[in-house]
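Where a number appears in this text, it was derived from the coordinates with a stated rule and is not lab data. Quick caveat, the model's predicted, so the values are computed rather than measured. Here the Cβ positions follow ideal geometry from the backbone for every residue, glycine too, while neighbour counts run over all protein chains shown.
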Amino acid sequence: MVAVVTDAVPMTGHRVAVRFRDGFSGVVDMSKYLKYPAYEVLNDPRVFATAKAGDGTIVWCDGGIDVAPEAVRDEAVAF
């Protein structure tokens, strides 16, 4: 099954609440990604707060930064 993020809401602590097309909902902790150059800008709370669903995954900066939806699904903790 292909993972498709339909909703994403930024939370405190570099976490994002997500919902997938199949109805699964969870929270993914993005902290481990922030050490990589492509994600360093997300350390800025104002930038992290731009998280939203787009192109089937979580995107920031109007799609300039994203993460593979399969990784989001694998790492999301159900709530």
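In segment 12-53, which residues are touching a Leu at 6+ places or on another chain (Cβ under 7 Å) and of a type in the set (A, V, I, L, M)? Spell out the reasoning first.
If we filter segment 12-53 for residues that are touching a Leu at 6+ places or on another chain (Cβ under 7 Å), which is where we start, we get 14, 30, 34, 40, 42-43, 48.
If the condition is that a residue be touching a Leu at 6+ places or on another chain (Cβ under 7 Å) and of a type in the set (A, V, I, L, M), then Met30, Leu34, Leu42 are the ones that fit.
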Residues within segment 50-71 that are surrounded by 14 or more Cβ atoms within 10 Å (Cβ to Cβ), among the aliphatic types (A, V, I, L, M) and assigned to a loop (DSSP other than H, G, I, E, B), tallied: 2
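Residues in segment 8-38 that are in contact (Cβ under 8 Å) with a residue 40 or more places away in the chain and either closer than 15 Å to Asp74 by Cα or surrounded by fewer than 17 Cβ atoms within 10 Å (Cβ to Cβ) (or both): how many?
Going through segment 8-38, the residues in contact (Cβ under 8 Å) with a residue 40 or more places away in the chain turn out to be 8-10, 16-18, 20, 24-29.
Among the residues that remain, those that are also either closer than 15 Å to Asp74 by Cα or surrounded by fewer than 17 Cβ atoms within 10 Å (Cβ to Cβ) (or both) are: 9, 16-18, 20, 24-29.
Final tally of qualifying residues: 11.
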Among the residues listed as Gly54, Gly23, the single one being within 12 Å of the chain's Cα centre (by Cα) and either of a type in the set (Gly, Ala, Ser) or closer than 22 Å to Val2 by Cα (or both): Gly54
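Suppose the filter is over 10 Å from the mean Cα position of the chain (by Cα), in a strand (DSSP E or B) and not acidic (Asp, Glu); does Gly13 pass it?
Numbers: over 10 Å from the mean Cα position of the chain (by Cα): yes; in a strand (DSSP E or B): no; not acidic (Asp, Glu): yes.
Considered against the rule, which asks whether it is over 10 Å from the mean Cα position of the chain (by Cα), in a strand (DSSP E or B) and not acidic (Asp, Glu), Gly13 comes out as no.
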